[in-house]
Every structure is written in C-alpha cells, then in structure tokens.
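One structure is given here, and the rest of the page talks about it.
The values are calculated or read from the model by the stated rules, or taken from the named source; none is laboratory data. Just so it is clear, the model here is predicted, and its values are computed rather than measured. Counting neighbours? That spans all protein chains shown, and the Cβs are built from the backbone with ideal geometry, glycine included. Remember, those area values only see protein heavy atoms, side chains included, never the ligands or the DNA or RNA. Shrake-Rupley method; radii C 1.70, N 1.55, O 1.52, S 1.80 Å.
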Amino acid sequence: MRIVVDANVPAADACFGELGELIRLPGREIDAAALRDADVVVVRSITRIDEAVVGAAMSGKSRLRFVGTCTIGTDHVDMRALARHGVGFASAPGCNAEAVVDYVLGSLLTLAERQGWQLSERRVGIVGVGNVGERLRKRLAAMGVECLACDPPRAEAEVAEAGVPRFVDLDTLIDECDVLCLHTPLVREGPHATHHLLDAQRIARIEPGTVLLNAGRGDCVDGLALRQRLAGPGDISAVLDVWESEPAIDAALRDLANLATPHIAGHSLDGKLRGTHQVYAALCRHLGLPARLTLDSLLPAPPLPRLVLDGGLEPEDALRRCLRAVYDVRRDHDALYRESRRRGMAVGFDACRADYPLRRELSTLEVELREGARELAPLLEGMGCRVG
C-alpha cells in the first residue's frame, strides 16, 4: 500500500510507516500526478483534493481508498467527489483549536499592550462558535470579558434558553463589539455562505477603534475592502493570520495589518500531533486494524514545563507573560515580514510554514504562584494552565 503524506505532517513515520510504503512530498506538490499510484493520501490545508485529483488517482495502478486531512477545515477537499468514487475520508476536528485560542489571546493581549488598553474592558464578538469559537468564549469568560456570539447554523439548531437567545446576527455584532474575531469555515454557497462574509459594506460599518481578527479562512473577508479601510481612515486595527490568494498574499494589506502571520494560528506541535493521530486512528478503522499508537506516546515533554510568578503583576500582564512563555505571536509577525521580503511573498509565506519553529500550548505550562500571586489562580486555571 502506497501512502502519500504532506512533508509537514509530524510523526508520519511513526503513525503510517508500518501501514505501507510512505511517500513524503511538500503539500503544494501533492497533485493528480503524485497520486496516480497512491492508495492513501494524508494532507494539510494547502493541498486541494478535487474531482480532477481523485479521478486521476482512481485511474492509476493503485485504487485510492482513503483521504485524510490533519486539519479542522475541510474546504480544500471535495468530499462529494470522494463519496462518488467510494473513497474513505477523515479530518481532525478540534485538533488545533487550543492553539488557535492561544494565538487569539496572545495577539489581542499584544495589541492591547502596544495600544494601551485592557482586554477585560472590551466587548468581544465571536463569529463562528465551533471548536475554536466555543473554547475562545470560555477562556474570555474566565477573564471576565463580555462576549457576543454569531453562528447562524447553531442559532437555527439550538433553542434559546429561558427565552434569551444565545446568538445575535452579524450586523448586531459589528454594531456592539469592540473586537471582532472570525472563526468560520469557508462556505461558498447556500443560506450560510461565508465567502466575503465581511464584505465592503460591512467593513465600512465597523466602528472606529475596533479590532478585527481573522483566524478562520482568508476568503471570509474582502481583502481589498479591508486594505482600503486601513489605508484610508486607518481607524481600525487588524490581526490577520489567513488571507485571500495564499501564499501570494496582498503585500499592501500585510503592511497595513497590526499583526500579520502566515496561516499558523493552529501550528502548535500539540495540535499537529493531535491531527496526525486522529487521521491515523481513522485510517486504522477504515482498514479494520487496531490503532497501536496513543497520542501520549507521540507528545514530547515541553521545553519549558514550569513558570514561577510572584506578586506585583496585574492579571492581564501575568496572563500575557504566561502566553509568551509558550508562544509569542511577534515572532511569527516578524518572520513573515522578513521572509517575504527576502524570498518573495509566495515563497517566503510557505517557508515560514515549512520551517516553523517548535511551539507548544498553554496547557503544557505549569505555573507556580508564590504567596503574593495566589489570587491569579482562577484566571490562569480558566486559561488552561496547570497551577501548582
């Protein structure tokens, strides 16, 4: 059995090596030609698996039997094409959700530090309350941050509790929130389409002083309209991890964003290994084999397992220090600027992702609180830290 795997999928040898012959390729090189002899393909979000790719693979020497993506999102995979050809499929829902929330909180706290405001004093609007959005809402609640949520599919499916709706519409969110966080999948058609969900009209309506953060899908925001708003009035802030036309993103929009990163919000080692293991377990089930490896056996010890805090820190400053101990978003912002200018936008963007440094999640950090810092325990535990 021939298994083609994106070269950026960690622990691929450990998980898939004993199941067949492993072929490692860069994600953008996994195309119809590369899959003509493949039985299994395991990808990440930059590889498009569509009808042409599936059809070509099915006409090769080996019949494609299974496609797995080690990501939450699935818009890069034509699941209807897979179903038509009888090909098994698995994704990794929730695998990197904790890492994305780390990215969001780290970005907002960094922006707050730079601009001189407190996140606890802002009202945050969350667009898309799935694996990421729900976790973000819970962590913000632990900080005492007021949140509004917009998720039309969930609003239709879930009955309001005690007559109080859990969700508001997008326009209400835009009108009433100081921070807008997008965590929606890309849906191009239907009643809940998200392509250019924030279009020129909605971008124009965003209140001055608002922060717009997109860590969902780049095509959910009209990039040209956002660039014009930032270049014109310049009265809103933007944190962008996802972009239209990746990897050849708009350099002018990159320059105008307060924080600009190369689609790495979920790129923790923990999240990647969860994704690999979820697809590995699904492939084993598809083949009727036991899943021999556990996720714990794949995870190494964290390089910084413990941090000690004493008194004198304000709560948000303490949280900012804990987050930066495991992940500092400024590193990725600087890397995108540096590599895109040195190598060109598309090559530099992909190089940042391919050569991504080790990153762990906040949940791997144990925080020891000295006597003067014990009051920080509820906050840090609510954030997912282990407090000792």
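Selection among Leu240, Leu273, Gly209 by position relative to the dipole of segment 168-276 gives Leu273 as farthest towards the positive end (Cβ unit charges, Cα centre).
On full extension, the segment bounded by Arg114 and Ala200 gains 28.2 nm, given 0.36 nm per residue less the C-alpha separation.
Tally the DSSP beta bridges in segment 93-219 and give the antiparallel ones as a percent, rounded to 5.
5 percent
Here the simple spin-label model places points 7 Å from the Cα toward Cβ, and for Ala141 and Ala301 these points are separated by 3.6 nm. Centre-to-centre, using Cα atoms only, segment 253-278 and segment 193-212 are separated by 22 Å. Put the Cα centre of segment 293-330 next to the Cα centre of segment 1-70 and the gap is 35 Å.
DSSP H helices in the chain with Cα extent of 24 Å or more along the helix axis and mean Kyte-Doolittle hydropathy at least -0.5?
Details: long enough: 97-115 (27 Å, 0.61); 269-287 (27 Å, -0.19).
Long hydrophobic helices here: 97-115, 269-287.
Given +1 at the Cβ of Lys and Arg, -1 at the Cβ of Asp and Glu and no other charges, the dipole of the chain around its Cα centre is 1100 debye to the nearest 20. Annotation for Arg331 and Leu287: the two label points, set 7 Å from Cα along the Cα-Cβ direction, are 3.4 nm apart. For the pair Asp178 and Ala193, label points projected 7 Å from Cα toward Cβ lie 3.5 nm apart.
For Cα pairs less than 8 Å apart in space and 6+ apart in sequence, what is the mean separation divided by the residue count of the chain, i.e. the relative contact order in percent?
Value for the chain: 15 percent.
In a DSSP loop and with at most 12 other Cβ atoms within 10 Å, the trypsin sites (Lys or Arg not before Pro) in segment 1-85 are Lys61.
Ordering Ile126, Ala83, Ile174 by Cα displacement along the dipole of segment 51-176 toward the positive end leaves Ala83 in first place; charges were set at the Cβ atoms of Lys, Arg (+1) and Asp, Glu (-1). Surface exposure of segment 1-146, expressed per residue as accessible area with a 1.4 Å probe, stands at 37 Å².
Heavy-atom surface analysis with a 1.4 Å probe gives the chain a carbon and sulfur content of 50 percent of its accessible area.
Would you work out the charge dipole size for segment 1-123 about its Cα centre, treating the Cβ of every Lys and Arg as +1 and the Cβ of every Asp and Glu as -1, and quote it to the nearest 20 debye? Could you put the intermediate results ahead of the total?
Numbers: 14 positive and 16 negative charges, 60 e Å.
Here the size comes out at about 280 debye.
Run the helix sum for the chain: -39,500 (n - 2.57) per DSSP H stretch of 4+ residues, divided by residue count, reported at 222 nm to the nearest 500 deg cm²/dmol. For the chain, the value works out to -11000 deg cm²/dmol. Extension gain for the segment Ala56 to Ala354, taken as residue separation times 0.36 nm less the Cα-Cα distance, is 104.6 nm to one decimal.
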